[in-house]
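As structure tokens, the structure follows; a few thoughts come after it.
The values are calculated or read from the model by the stated rules, or taken from the named source; none is laboratory data. Values in this document were obtained by computation on a predicted structure and should not be read as measured data. A quick note on method: Cβ atoms are made from the backbone with ideal geometry, for glycine too, and the neighbour counts reach across all protein chains shown.
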Amino acid sequence: MYRVWNYVTNYSLLLIAGALIALVWANIDAESYHHFVDFVIVDNFWIGHLHAEGGHATRTLTLHYLVNDVLMALFFAIAAKEVWEAVILENGSLRGRKAMTPLIATAGGMLGPIAVYLGLAAVLGIYETVSRGWAIPTATDIAFSYLVGRMVFGAGHPAIRFLLLLAIADDAAGLIILAIFYPTGELAPAWLLLSFGAAAAVFILANWLPRRLDRGNQVRPNSTWVRQKLSFWPYLIAGCLSWFGFQEAGIHPALGLLPIVPTIPHADRAFGIFAEAEQYLTDLLNWIEHHLKYPVEIILFFFGLLNAGVEFGAIGAPTWLVLFGLIIGKPVGIFLFGWVAAHPMKLGLPQGMRTSDLVVIGFVAAIGFTVALFVASVAFPGGPVQDAAKMGALFSFGAAVLSIIAGKLFRVEKVSG
């Protein structure tokens, strides 16, 4: 396992700092906090929140929209890059049979929280009010889970690899859920032709065609010219077009860069998510990712600042639905599905990993934070239900304590590495 500590630590500290400032601010002066969040940058613009005005539709670009819908597209692009490489590359961690047990465990880690969330909602008689938030507790925050996983298992334990595979697959499923179940408005799928047309065009013109022309020529003059003269610009233009297509299609535009990621030239191998060793890979996809590293850390600070400002008085039933979905549904689902995959299905576990480790991994994966906050912000309109659901996502940090306790109970032996 390559060193990822600095990246994840920076990512975590900035995000936590933004969330803590938001919590303090919202509970000291809620009015000024919400005024800041909803600050209007440009009215009657071509991007922004869609609303009716004077009998016709118009868009308003607010600070919240700029961060959540525009800039967070860069965060999801980096997540998509890791998923893409894990699936497509020959040594990809999600390629082939070796990924089947964590993939099946991921399914349990999503179905378990959904069952707990909706089941409790039905028992409490608030199903109709909160059912739209069923996807909130399915999220796993990769960075925070990794940090806690290292504390519990040690950096060299095979359970860490298993956890990262599970978290990457969870992210991939979360992107699909956002696209399908949480449209931002009335769907207009014809606009997706712009997104996928831009992806096809940039792949053919800036990737496939130069390689085709260079076939049999080891000097690769055409590919070199495209890389040196055009660099990332064709993909930036295609990304903007794709993002706009998603917005107009009514699909959450933060996912708008996903069709472009697979079109970017990439290395024949990958070292893994957040790996510092990837800085030595000179392909364009890794070059873009590492140049986005610091901007995305700053974006995540503002994401925490603009989304975690919940008044403590907002704690309500949705808080407990999200929290119990994560800290009960995740461990139970991951253990049951992981056990079925490993034993009845005979897919096995990584060498050095015990069946009981699945329970501990389940608690570690119950930290939903970043993506859970994001889903809460799109699942419910602004108001008490959304605030209460966000509080549940924030409380999921408690899973870190439960993970340490579970590690002690199941006698996890740390493996340094």
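Miscellaneous remarks
- Filter result for Ile334 (within 20 Å of the chain's Cα centre (by Cα), closer than 24 Å to Ala173 by Cβ and either modelled with pLDDT of 95 or more or not in a helix (DSSP H, G or I) (or both)): yes
- Count - residues of the range 362-417 that are closer than 17 Å to Leu166 by Cβ and among the β-branched types (Val, Ile, Thr): 5
- When residues of the range 149-184 are limited to those that are of a type in the set (Gly, Ala, Ser) and farther than 18 Å from Val87 by Cβ, the one surrounded by the most Cβ atoms within 10 Å (Cβ to Cβ): Gly149
- Matching residues in the range 205-255 - criterion: being over 30 Å from Asn68 (Cα atoms), among the polar types (S, T, N, Q) and in a loop (DSSP other than H, G, I, E, B): Asn217, Gln218
- Residues in the range 365-409 that are more than 22 Å from Tyr127 (Cβ to Cβ), surrounded by 15 or more Cβ atoms within 10 Å (Cβ to Cβ), out of contact with any Phe, Trp or Tyr (no Cβ under 6 Å at 6 or more places or on another chain) and of a type in the set (A, V, I, L, M, F, W, C): Ala365, Ala366, Val371, Leu373, Phe374, Leu394, Phe397, Ala400, Ile404.
- Qualifying residue in the range 200-223 (condition: within 22 Å of the chain's Cα centre (by Cα) and either modelled with pLDDT of 95 or more or surrounded by 15 or more Cβ atoms within 10 Å (Cβ to Cβ) (or both)): no
- Cβ pairs under 6 Å, 6+ apart, first in the range 21-50 and in a helix (DSSP H, G or I), second surrounded by 15 or more Cβ atoms within 10 Å (Cβ to Cβ) and of a type in the set (Ser, Thr, Tyr): Trp25/Tyr33; Ala26/Tyr33
- Restricting the range 119-143 to residues that are crowded, with 21+ Cβ neighbours inside 10 Å and among the small types (Gly, Ala, Ser), the residue that is farthest from the chain's Cα centre (by Cα): Ala121
- Only one entry in Ala173, Ala155 is of a type outside the set (S, T, N, Q), out of contact with any Asp or Glu (no Cβ under 7 Å at 6 or more places or on another chain) and closer than 30 Å to Ser416 by Cα, namely Ala155.
- Residue within the range 84-102 that is surrounded by 24 or more Cβ atoms within 10 Å (Cβ to Cβ) and modelled with pLDDT of 80 or more present: yes
- Checked against (1) farther than 17 Å from Tyr146 by Cβ; (2) in contact with a Ser or Thr (Cβ under 8 Å, 6 or more places away or on another chain), Val360 meets all criteria but (1).
- Test: residue in the range 290-311 that is of a type in the set (Asp, Glu), within 22 Å of the chain's Cα centre (by Cα), within 19 Å of Ala135 (Cβ to Cβ) and surrounded by fewer than 24 Cβ atoms within 10 Å (Cβ to Cβ): no
- Tyr146 vs. criteria assigned to a helix (DSSP H, G or I), surrounded by 19 or more Cβ atoms within 10 Å (Cβ to Cβ), touching a Leu at 6+ places or on another chain (Cβ under 6 Å) and on the phi < 0 side of the Ramachandran plot: no
- Of the residues making up the range 102-154, those that are over 22 Å from Met353 (Cα atoms) and among the hydroxyl-bearing types (Ser, Thr, Tyr) are Tyr117, Tyr127, Thr129, Ser131, Thr138.
- Counting the residues of the range 338-385 that are assigned to a helix (DSSP H, G or I) and either free of Cβ contacts under 8 Å to residues at least 40 places away in the same chain or touching a strand residue (DSSP E or B) at 6+ places or on another chain (Cβ under 9 Å) (or both) gives 1.
- Test for Leu66: is it at pLDDT 95 or above, more than 30 Å from Gly149 (Cβ to Cβ) and assigned to a strand (DSSP E or B): no
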